[in-house]
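Reviewing the structure listed below.
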Amino acid sequence: MSRVVNCSEHGAVAVITIDSPPVNGLGHAVRKGLVKCLSDALDNNMVEAIVVHGADKMFSAGADIKEFGSELAFTPPLLTEVINMIEASGKPVVAAIHGVAAGGGLELALGCHYRLAANNARLGLPEVTLGIIPGAGGTQRLPRLVGVPAALDLIVQGKLNPALEAHNIGLVDELFEGNAADAGIAYANKLIVDAAGPRPTRNQNAHIEAARGKPEIFEEYRLGAQKKARGMHAPLAAIESIENAVNLPFDESIEKEREIFDRCVESDQSKAMRHAFFAERTVSKIPDVPKETPPRKVDSVAVIGCGTMGQGISMAFANASIPVKVLEADQEALDAGLAKIEKTYNSSVEKGRISTEERDHVISMITGTLEYADLADADLVVEAVFEELELKKAIFSKLDQVCNPGAILATNTSTLDINEVAATTSRPGDVIGLHFFSPAHIMRLLEIVRGEKTGADVIATAMALAKMLRKTGVLVGVCEGFVGNRMLLAYLREAYFLLEEGALPQQVDKAIYDFGFPMGPFTMLDMAGLTVGYLIRQHQAGTRATDERYSDIEDRIVEMGRLGQKTGAGWYKYEAGTRKPAADDMIEEMIVETSANLSIKRREISNQEIIERCLYPLINEGAKILEEGIAIRSSDIDVVWLYGYGFPRHHGGPMFWADLIGTDTIHSKMVEFETEHGNLMKPAGLLEELAKQGKGFGDI
Ligand code: CAA
Ligand code: NAI
């Protein structure tokens, strides 16, 4: 009997329990344990049926992803062998699923002869989200049970589906409420009474035959996947494998599935997506804030300022059913802000995203006020007024006077020094930055900015709060722009320089889009509006070295009154009522004229140069951020870029991508750029050091 898999007998039913916390992953020890318990049950004449289930929270989250690429992944018994053994069993085997059955976990259940699921269980094959395909028969057995179109939906989208849906499509035989082992035993006893024997999935061919000779099903799916999962290989590989299931004998097709799986698992895309999976989970681990640190309660919130961010932040809390009081400077601004919130929710109802009841509920969560005294009992206050240090300081000293002891005082500043703001209060330990991204009720990223004196429990509360708001919180330190915007500035700066040197906005945007970003820098700037960047650059003007290269190209666009999509023109022009950017001759003329004024001879710029010029300096800035301890680890920077800026997940994030390319390659290119373009391109010390040692950011 193995520690991670246990077997017990209940009359004529053997119950095999996978007990490998935290998620009953199917690592080598579990696979071995399953074989042992199965063999025992098969050899035992008293046993007439077998139940497989998971201990604790779930059935199984699938293969142990940490094993990928290691020898253990190839050490027998492989998962396919375990599943084949179950399927070939002469005694019926029942999978009793609760919690989650994902990836190899669901494949194990597909190999069982019968499947039961708890009403609140979730089932799916999310392998494509890790850049791989189901590699233990999932692409072969699932279409046999649910039909080809439903299998394509499940595997290509990679979502976990509710048990009820799984039952409706025929993936699950019966739903149950309560304990999985008990439900499994009851079902197995019924099978024994009914003399219902094994029912191997591999022999169920009706659905497969129905799809044979219909290549158009797959063609349509391929086109959809190319659009929705732009640049990703795994969805196409999964479609290929399901098509094989339809056209080839089972044994031949499952062998091909393994080949495709191996090809995917070794690809850079899969390495990047697996990195992203673990990066998202590592981000909440803070060395000096142990996970046992008790968070403070956040049952009520106040937001100061009901402008763009104040509205979004209020909605983020309301959506999590946390009551919000929003304070404005005057009645007019308050009414306007609240009306805008209502309009946003009404539009969500019109688009069918929420029901009218849900709208009424979230709107009822938000109330307005003009009185600081009304904020006294808030557990958390988030300030989101104009970006002016003196104004924020004045607000924080007022909050210090009115708020209950223990209340967390947060600012949404994007550029100001949180330590200065905290110093105006008698409780700097309670002050923290909560840097939401616009639109705050939608964007997943929350930069949590730790001041010099911020308390550990305040940080723990902010991290927990991010989860409550369904956001990904990343802890960062104080510096101008924090992690995301500081790196963004380096990227944008080079995009502007490229225009001066010979590129056009649409060319830069296309190169970045083709790399995998949802949009290029100029489309993004137009969408976000050009004013904020303009104000920041004006603010920085005094601190810029006189010999530092600076492009005023965007300032000139702003000064023309072209503030982006909201004014119908920015870097691009927009037909009334559309958001589709169209190249504008006027902008091209302005760019060409700028080059002439700077005596720059415009040249042909390749897409490769655009990628290197925009992304290598961004990575270089990331290296400085790590050097200065502003981010805890390079994977946290990746999470910021994956969630805040749409960095393509199949490249893993900028720092992971840098490691794939090699820090030595990036470093030598930065040296070349420094010679050609000046000291803004100077390689970071850390980058130089890693390049010298032949190491990557992930090795730190
Ligand atoms: N392998 C290794 N570790 C895993 C894992 C897996 N399949 N799934 C989760 N973990 C780890 C997490 O990294 C985390 O570790 P730490 O506590 O050290 O950070 C821990 O288990 C708990 O995970 P979550 O925080 O994600 O827990 P949750 O309760 O929020 O979510 C879950 C549970 C929905 C199952 C989620 O963990 C998940 O989606 N897991 C991955 C599922 C998946 O993609 N499976 C396919 C694997 S590939 C495969 O199976 C290939 C094949 O064909 C054989
Ligand atoms: P905004 O100009 O849209 O809104 C500011 C609001 O604050 C206005 O409604 C104003 O009436 C109100 N206000 C001003 N003084 C006040 C006072 N004394 N008391 C109460 N309310 C007052 O500005 P926006 O864009 O919402 O920015 C707010 C903050 O969020 C700034 O610190 C900004 O740097 C930060 N931020 C902005 C992002 C963006 O994309 N707009 C993104 C992340 C942070």
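The values are calculated or read from the model by the stated rules, or taken from the named source; none is laboratory data. Here the structure is a predicted model, which means the values were calculated and not measured. Here the Cβ positions follow ideal geometry from the backbone for every residue, glycine too, while neighbour counts run over all protein chains shown. In case anyone asks, the SASA skips ligands and DNA or RNA and just uses the protein heavy atoms, side chains included. Shrake-Rupley method; radii C 1.70, N 1.55, O 1.52, S 1.80 Å.
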statement: Filter the stretch 130-160 for residues that are open to solvent by 10 Å² or more (accessible area, probe 1.4 Å) and among the basic types (Lys, Arg); the one that is nearest to ligand 2 (Cβ to nearest atom) is 159
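Residue by residue, here is whether (1) more than 10 Å from ligand 2 (Cβ to nearest atom); (2) over 16 Å from residue 436 (Cβ atoms); (3) buried (at least 17 other Cβ atoms within 10 Å of the Cβ) holds:
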| residue | (1), (2), (3) |
| --- | --- |
| 365 | yes, yes, yes |
| 376 | yes, yes, no |
| 381 | yes, no, yes |
| 386 | no, no, no |
| 399 | yes, yes, yes |
| 403 | yes, yes, yes |
| 407 | yes, yes, yes |
| 416 | no, no, yes |
task: Taking residue 454 as the residue in question, decide whether it is part of a loop (DSSP other than H, G, I, E, B), modelled with pLDDT of 95 or more and open to solvent by less than 40 Å² (accessible area, probe 1.4 Å).
output: yes
query: Are any of the residues in the stretch 38-55 within 11 Å of ligand 1 (Cβ to nearest atom) and part of a loop (DSSP other than H, G, I, E, B)?
result: no
message: Return the residues of the stretch 244-257 that are part of a helix (DSSP H, G or I) and out of contact with any helix residue (DSSP H, G or I) (no Cβ under 7 Å at 6 or more places or on another chain); say none if nothing qualifies.
response: 247, 251, 252, 255
statement: Taking the stretch 225-243 and keeping residues part of a helix (DSSP H, G or I), open to solvent by 30 Å² or more (accessible area, probe 1.4 Å) and modelled with pLDDT of 95 or more leaves 236, 240, 243
- prompt: In this structure, is residue 99 closer than 27 Å to residue 48 by Cα and open to solvent by 10 Å² or more (accessible area, probe 1.4 Å)?
  reply: yes
field: Count - residues of the stretch 76-96 that are under 31 Å from the mean Cα position of the chain (by Cα) and open to solvent by less than 20 Å² (accessible area, probe 1.4 Å)
entry: 2
task: Give the residue that is most open to solvent (accessible area, probe 1.4 Å), with candidates limited to residues of the stretch 612-637 that are assigned to a helix (DSSP H, G or I) and over 24 Å from residue 671 (Cβ atoms).
output: 635
- prompt: Do you know which residues across the stretch 302-321 are in contact with an Asp or Glu (Cβ under 7 Å, 6 or more places away or on another chain) and away from ligand 2 (no atom under 12 Å from the Cβ)?
  reply: none
message: Looking only at the stretch 270-305, how many residues end up being in a loop (DSSP other than H, G, I, E, B) and of a type in the set (A, V, I, L, M, F, W, C)?
response: 2
